[in-house]
Amino acid sequence: MKPAPFTYHDPSSIDEACALLATRDNARALAGGQSLMPMMNFRYAMPDHLIDLNTVAELGVLSVDADAIRAGAMTRQRTLEFSKEIGARCPLIHAALAHVGHRQTRNRGTVGGSLCHLDPSAEIPTVALALDAVVTVAGPKGNREIQMADFPAAYMTPAIEPDELVIGVRFPSWPAGHGYGFVEFARRHGDFAIASASALLEEDANGKITRASLTLGGVAVVPQRMRNVEKALVGQIASEDAFRAACEECRKVEAIEDVHAPSSYRQHLAAVLSRRALVAAHGRVGAKAGGRA
């Protein structure tokens, strides 16, 4: 099929793109196009105005400092994937990107596009929630920041206004030596995840957990941060038995059901994958960063 007729716009700045969003009815921003273009071809999405962000250079800026990784909305997924600095500072991002589609997808896919599309099985929103990321949005009233925990408004619906544009995201850094794990189950590598789990751990010299982050993707209508599991783990000596017991809480998540899996199976996967992600994270505590899993 072909998309419905639309008017194409090619802004060169954030201000110009925001002005177009504010003054054109039924407008959509085009980032990498890996989700929007197929939706337009099948006429699931039929914008009257398509605002192409690919020539807005300021949206592609990527910077890393001692406190955080800052990625413009148009930062390509492959840029993060092949950045040694990102791999050293935040290896969880590298681990998750290995599961995002295929190389061709990551060549064009963007950070902002994935966040705004907000597919519950997508890896980048799940990792953003795990890292307590902060999304920056621009609009007619200026810029504002949204905590990733508040960014999903509903299924595949970000908490931004029609005339607002995501311009960047900040991923706070965890200290060197933290453990990380990303585990995903899909029918085939590169397919949408039926379920995934992201884990981060800090431990003291005695193996006691001092900080934990656990996030589920693909299980519910939006990524789920498992705060109860994190609280249960802090103060415990890290072990597979401790992880197994704490992750039973994941079976209580209100899981979605579709042609790929019933809700009960997703709840089972939530518990199993969470434990595996935590085991992987524990195994990497104190290890040199930069690998994938």
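Label-to-label distance, residue 84 versus residue 268, with points set 7 angstrom from Cα along the beta-carbon direction: 4.5 nm. In the context of the full set of protein chains, residues of segment 124-177 present 42 Å² of accessible surface per residue (probe radius 1.4 Å, heavy atoms only). Around residue 168, under 11 Å between beta carbons, what's the net of Lys plus Arg minus Asp minus Glu among the other residues? Cβ neighbours under 11 Å give a net charge of 0. By the combined test of axial Cα extent (at least 20 Å) and Kyte-Doolittle hydropathy (mean at least -0.5), the qualifying DSSP H helices of the chain come to 263-284.
If you take the beta carbon distance between residue 39 and residue 234 as r and set R0 to 45 Å, what does 1/(1 + (r/R0)^6) give as a FRET efficiency, to the nearest 0.05? Computed FRET efficiency for residue 39 and residue 234: 0.60. Here the sum of -39500 (n - 2.57) over DSSP H runs of 4 or more residues, divided by the residues of the chain, equals -8500 deg cm²/dmol at 222 nm, to the nearest 500.
The string of couplings for segment 4-9 from the Karplus curve (6.51, -1.76, 1.60, θ = phi - 60°) is 5, x, 8, 9, 8, 10 Hz, one whole number per residue in order, with x for Gly and Pro. How far is the Cα center of segment 1-50 from the Cα center of segment 211-228, in Å? The distance from the Cα centre of segment 1-50 to that of segment 211-228 comes to 31 Å. Label separation (residue 287 vs residue 227): 3.1 nm, computed from points 7 Å beyond Cα along the C-beta direction. Springs between Cα atoms under 10 Å define the GNM used for the chain, and in it the highest mean-square fluctuation of 267, 147, 104 occurs at 104. Note on the chain: with neighbouring protein chains present and a 1.4 Å probe, carbon and sulfur make up 50 percent of its accessible heavy-atom surface. Here the label points at residue 257 and residue 54, each 7 Å from Cα along the C-beta direction, are separated by 4.2 nm in the simple model. The phi torsions of segment 35-48, fed into the Karplus equation with coefficients 6.51, -1.76 and 1.60 and a -60° offset, translate into couplings of 10, 5, 5, x, 5, 5, 4, 8, 6, 6, 10, 9, x, 7 Hz, rounded to whole numbers, with Gly and Pro shown as x. If the segment from residue 23 to residue 244 were pulled out straight at 0.36 nm per residue, it would be longer than the present Cα-Cα gap by 74.3 nm. Between residue 187 and residue 15, the FRET efficiency estimated from the beta carbon spacing at R0 = 30 angstrom works out to 0.10.
The values are calculated or read from the model by the stated rules, or taken from the named source; none is laboratory data. Just so it is clear, the model here is predicted, and its values are computed rather than measured. Backbone-built Cβ (ideal geometry, glycine too); neighbour counts: all protein chains shown. Note: areas computed on protein heavy atoms with side chains; ligands, DNA, RNA excluded. Shrake-Rupley method; radii C 1.70, N 1.55, O 1.52, S 1.80 Å.
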